[in-house]
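To keep things clear, I will list the structure first and then write my remarks on it.
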Amino acid sequence: MSPVVDDDLWSAIGDPTRRRMVDLLLAGDGTATSLSDELPITRQAVTKHLNVLDRVGLVRMTTVGRERRYEVDQAQLARAVAQLDAVGKTWDARLQRIAKIAEAIQRNRTT
């Protein structure tokens, strides 16, 4: 049985800029401005990426005065890691079955 995978979550994480933003936010919360200082994109582009991450629940936004601060939602990140682990295990099992079939074919050819 294939694991249940949140396609929207993985689509969001699939973007290298968003993965880098998550890495930066794991070191501590940040703002669009602080993230744009670390990335080769504009603050406006950072905001668009943050909105995507927020929409899938990977980051949470809180307002502090006039600032919007973002942090990684650890529960959602753990869910993503669990999904990735489940997909990896599924593929490992598939590859083991393929290897056994290939070995059987090879044995039949040599006998």
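Taking each residue of region 5-19 that is over 18 Å from Lys89 (Cα atoms) and in contact (Cβ under 8 Å) with a residue 12 or more places away in the chain and looking for partners that are in a helix (DSSP H, G or I) and open to solvent by 40 Å² or more (accessible area, probe 1.4 Å) with beta-carbon atoms closer than 7 Å, six or more apart or interchain, yields Ile13/Arg19. Might you let me know whether region 76-83 holds any residue that is open to solvent by less than 100 Å² (accessible area, probe 1.4 Å), modelled with pLDDT under 95, out of contact with any Ser or Thr (no Cβ under 6 Å at 6 or more places or on another chain) and charged (D, E, K, R)? Yes, region 76-83 has at least one match. Annotation note: of Val59, Val5, Val46, the sole residue that is modelled with pLDDT of 95 or more, within 16 Å of the chain's Cα centre (by Cα) and aliphatic (A, V, I, L, M) is Val59. Figure legend. Inter-residue proximity from region 70-95: first residues within 10 Å of Val59 (Cα to Cα), second residues open to solvent by less than 30 Å² (accessible area, probe 1.4 Å) and hydroxyl-bearing (Ser, Thr, Tyr), beta-carbon distance below 8 Å, spacing 6+ or different chains. Indicated pairs: Tyr70/Thr31.
The values are calculated or read from the model by the stated rules, or taken from the named source; none is laboratory data. The model shown is predicted, which means the values in this text are computed figures rather than measured ones. Counting neighbours? That spans all protein chains shown, and the Cβs are built from the backbone with ideal geometry, glycine included. The area values use the complete protein model at the heavy-atom level, side chains included, leaving out ligands, DNA and RNA. Shrake-Rupley method; radii C 1.70, N 1.55, O 1.52, S 1.80 Å.
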